[in-house]
Structure formats: structure tokens, C-alpha cells
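Written out below as C-alpha cells is the structure these notes cover.
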Protein chains: 2
Amino acid sequence: MAAALSELEKEVVNIFVRIAGLLSLPRSVGELYGVLFISPEPMCIDDLMRKLKISKGSTSQGLKILRSFGAVNPVYVAGDRRDFFTAEAELRKIVAGFVNEQIRPHLNNGKERMMRIESLLIEETPDRKEFIAERMERLQGWQKRANALLPFALNFIKPE
Amino acid sequence: MAAALSELEKEVVNIFVRIAGLLSLPRSVGELYGVLFISPEPMCIDDLMRKLKISKGSTSQGLKILRSFGAVNPVYVAGDRRDFFTAEAELRKIVAGFVNEQIRPHLNNGKERMMRIESLLIEETPDRKEFIAERMERLQGWQKRANALLPFALNFIKPE
DNA sequence: CAGATTGTTCATAAAATAATGAACGATCTG
DNA sequence: CAGATCGTTCATTATTTTATGAACAATCTG
């Protein structure tokens, strides 16, 4: 039980490790999701540690991150005290969770910052002020578009 | 000339440093773009180094990255041997460049990998095979959606 | 051409990020 | 309740990423 990763498993894990990289998530998070994604049965921390040869700490924290945006579902296994997990396979749920947890906070922070800049603008010399004001408007435009695109993108990912 | 960053400049730079983080780009790249973004005049490496108090190496490499996806435009300044730059302010150009340079390669790699997995699938036991096949199909579905969303998102960002 | 100036590269240093594993608290088991 | 089992946390270590700056090549200047 809990043999090393098969060739196929390695490939799948590799895919998710790459995705994790794109999303600035630790490698181990990608590994964990990958293994769960191709596992027909739910797995517990111990299974995952052994399979991936990573530490208990990494495993626990990785699962915590995955849970935080709903990429992983806790599963009750009768007669076993340990916590088991399966991969959430509905893309929309994962993306929505990820956006809410990891993206939205940053966007909001940007808004506040913009207000502050507006107030600082007053102290500039007239010529610079004009230019900077133009840039600020542009920046706000970008922000609006990003904010508009987000819900659209989420909707684009249709439910199954 | 080339005084330290004003309060306003700091705020703007800060915004772009955050964006750089989201895109997994070095902090210095965000700083460079930020300073250029609010500068009415084109700037050369020396201006940027002094303004941001970063090394020449970082500045040169940072500009290289920014040029690689068209976030920065070389500008000819009469009577000066040095290279000057302004920030590209048209979002669409930047995003398109970024996607082509930093995202597309990864997506393609994913396709190849998928093929390889298909071939490995043969060696699985029947019951596992069924499950894994289902997952692979799902994964391919995700890939298709991502590929479809990308050009759409680009188009969403309307010119001017 | 000799000396300056400018931008790039790359080995090294510094900083940031992730992984490890021992310590701990919580829960179960007999 | 005493011991065992689990999962989490966090100080430390390892790894990866980024920044530095000296060396260099290319170009200009008189």
C-alpha cells in the first residue's frame, strides 16, 4: 500500500505542480492536489506523505491551503479516525474559491490605495498634475475592466 | 535631478509592485514600471537606478523583462547616447504581450503532457482505468475552457 | 586610436519562500 | 485515566528566487 508514484501519476502530478507555479502556490500544494485528483479512493495525510515523500508538516499545511479555497473535500470514512480527502473536480468551485480567497483581497487593497493617491495629487505642480491625473484615470480604467472581467470569467466556466 | 521617490510616486510604485507579485515577476520589475508609468518624461537606466536605489544589473534585467512583453517602449532622445524608455500605457498591448510570452508556453507544454498520459493509461487495471479516464477527460475540458477564455479575455480589453 | 561612456552578463551575496520534524494539544480507546 | 493516535504549529533548515556589482563588449568622442 501507498507505493511510490507510478509513471502516470508522476505525469499528472507534474501538470498540477506547473499550475501551482502559475498561481504562486507552493509546489507541494500542486503535488497533493495531483495525487488526489487521480486517486479513486479518498486519501488521508499519511497516505499522501508516503506517496509523495514529503513531511507531515508540508502535507498538513498543503491540505489547509487546498481546503481554504475548496479544492479538496473532507470525506468521512467509517471506522477510521483519520481525516480523508478527495479532490474537488468541479472547476468552477475551485476557481471561485481561489478568486475569493487569493485574488479579491488584493483588488480591494488597490482601491484604497487609489483613494490615497488622489489626495496626494493636490500637491503636485500644475504640469505634472495634468499628466499624472491622466495616468490615474487610465489606471482606474484598468481596475474597472479587471473587476468586470472577473465575474464574467467565473460565469464562463459553466457548471458541468 | 533624480530625487528620491515622492510620496505619490511611492504609492504608485507600490501598486505595480503588488501586480508584479500577482504575476510572479520580480519586485524590481514592478518598481521600474511604476516609476515609468508616472513619469512624464522618458527615463534612462541611470535615472531609474538612482530613483529606485537599485543596482544597474537589476535595472538592466528588469527593463529586459518589461521589453520582452512590450510593457515599455524605447524612445529616442536627441543628443543623448543613452537608451530611454517610457511605459506602454495601453493595457491591451501589455496583456497580449504578457500572455504570449509568459502564459502560452506553459499551456502548450500541458498539451504534450496530456498526450503522454493517454499512452500511459493503457497499462492500468480496468477499474482504475475507468476512473482515471474520466478524470483525464475532465482535465481536457478544463484545458479547452482555459484556451477559449484567453482570446476572449484579450478581446474584452477593448482598444483605448 | 586612447580613453570614456553605456548596457549586458554572470558569479556571488542577500533575501524570500517552502519544507522539515519535533513539540504540542486534542481526541479516541480500552 | 493512561496510553496511543492524529493533526497542527512553528522554530529551524534547505531551497529557490532576486539583487548586486565587477568584468566585459560595444559604441562613441575627440
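The values are calculated or read from the model by the stated rules, or taken from the named source; none is laboratory data. All values derive from a computational prediction rather than experimental measurement. Note: ideal-geometry Cβ built from the backbone for every residue, glycine included; neighbour counts use all protein chains shown.
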Q: Would you mention how many residues in the range B:20-57 are more than 14 Å from DNA strand C (Cβ to nearest atom) and β-branched (Val, Ile, Thr)?
A: 2
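Limited to the range A:1-14, what total is found for residues that are touching a helix residue (DSSP H, G or I) at 6+ places or on another chain (Cβ under 6 Å) and within 13 Å of another protein chain (Cβ to nearest Cβ)?
Pass one, the range A:1-14, residues touching a helix residue (DSSP H, G or I) at 6+ places or on another chain (Cβ under 6 Å): A:2, A:7-8, A:11-13.
Pick out the ones that are also within 13 Å of another protein chain (Cβ to nearest Cβ) and you get A:7-8, A:11-13.
So the count comes out to 5.
Across the range B:55-76, what is the number of residues that are over 18 Å from residue B:103 (Cα atoms) and out of contact with any Leu (no Cβ under 8 Å at 6 or more places or on another chain)? Show your work before the answer.
Taking the range B:55-76 as the starting set, the residues that turn out to be over 18 Å from residue B:103 (Cα atoms) are B:55-63, B:72-76.
Of the ones still in play, those that are also out of contact with any Leu (no Cβ under 8 Å at 6 or more places or on another chain) are B:55-58, B:60-61, B:73-76.
Qualifying residue count, the range B:55-76: 10.
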Q) From the list A:103, A:157, which residue is within 25 Å of residue A:65 (Cα to Cα) and within 7 Å of another protein chain (Cβ to nearest Cβ)? A) A:157
Q) residue B:24 is checked against (1) more than 12 Å from the chain's Cα centre (by Cα); (2) in a loop (DSSP other than H, G, I, E, B); (3) at the interface with another protein chain (Cβ under 10 Å from one of its Cβ atoms) and fails just one. What number does that condition carry? A) (1)
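Quick check on the range B:121-128. Is at least one of its residues among the polar types (S, T, N, Q), more than 8 Å from every other protein chain (Cβ to nearest Cβ), under 19 Å from residue A:12 (Cα atoms) and surrounded by fewer than 15 Cβ atoms within 10 Å (Cβ to Cβ)? Talk me through it step by step, then tell me what you get.
First pass over the range B:121-128, keeping only residues among the polar types (S, T, N, Q): B:125.
Now restrict to residues that are more than 8 Å from every other protein chain (Cβ to nearest Cβ): B:125.
Then drop every residue that is not under 19 Å from residue A:12 (Cα atoms), which leaves B:125.
Among the residues that remain, those that are also surrounded by fewer than 15 Cβ atoms within 10 Å (Cβ to Cβ) are: B:125.
Checked against the condition, which is being among the polar types (S, T, N, Q), more than 8 Å from every other protein chain (Cβ to nearest Cβ), under 19 Å from residue A:12 (Cα atoms) and surrounded by fewer than 15 Cβ atoms within 10 Å (Cβ to Cβ), the range B:121-128 yields at least one hit.
Here is a check on your reading of the model: is residue B:92 among the basic types (Lys, Arg), surrounded by fewer than 18 Cβ atoms within 10 Å (Cβ to Cβ), modelled with pLDDT under 95 and away from DNA strand D (no atom under 12 Å from the Cβ)?
Yes; evaluated as a whole, the condition is true for this residue.
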Q | Given (1) surrounded by 14 or more Cβ atoms within 10 Å (Cβ to Cβ); (2) within 27 Å of residue A:119 (Cα to Cα); (3) at pLDDT 95 or above; (4) within 12 Å of DNA strand D (Cβ to nearest atom), number of the condition residue B:37 does not satisfy | A | (4)
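Pick from B:68, B:60: which is within 15 Å of DNA strand D (Cβ to nearest atom) and under 30 Å from residue A:145 (Cα atoms)?
B:68
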Q. Hey, among the residues in the range B:73-92 that are more than 14 Å from chain A (Cβ to nearest Cβ) and either in contact with a helix residue (DSSP H, G or I) (Cβ under 9 Å, 6 or more places away or on another chain) or of a type in the set (Asp, Glu) (or both), which one's farthest from DNA strand C (Cβ to nearest atom)?
A. B:73
Q.
Checking the condition more than 10 Å from chain B (Cβ to nearest Cβ), more than 16 Å from DNA strand C (Cβ to nearest atom), buried (at least 16 other Cβ atoms within 10 Å of the Cβ) and in a helix (DSSP H, G or I), which residue from A:70, A:110, A:97 passes?
A. A:97
Q) Looking at residue A:79, is it within 11 Å of DNA strand D (Cβ to nearest atom), at pLDDT below 95 and exposed (fewer than 15 other Cβ atoms within 10 Å of the Cβ)? A) yes
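Would you point out the residue of the range B:4-34, among those that are in contact with a Phe, Trp or Tyr (Cβ under 6 Å, 6 or more places away or on another chain) and in contact (Cβ under 8 Å) with a residue 24 or more places away in the chain, that is surrounded by the fewest Cβ atoms within 10 Å (Cβ to Cβ)?
From the range B:4-34, those in contact with a Phe, Trp or Tyr (Cβ under 6 Å, 6 or more places away or on another chain) are B:16, B:30, B:33-34; that's our starting set.
Now narrow it down to the ones that are in contact (Cβ under 8 Å) with a residue 24 or more places away in the chain: B:33-34.
Details: B:33: 27, B:34: 25.
Selected residue: B:34.
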Q: State whether the residues of the range A:56-72 include one that is farther than 26 Å from residue A:24 by Cβ and more than 14 Å from the chain's Cα centre (by Cα).
A: no
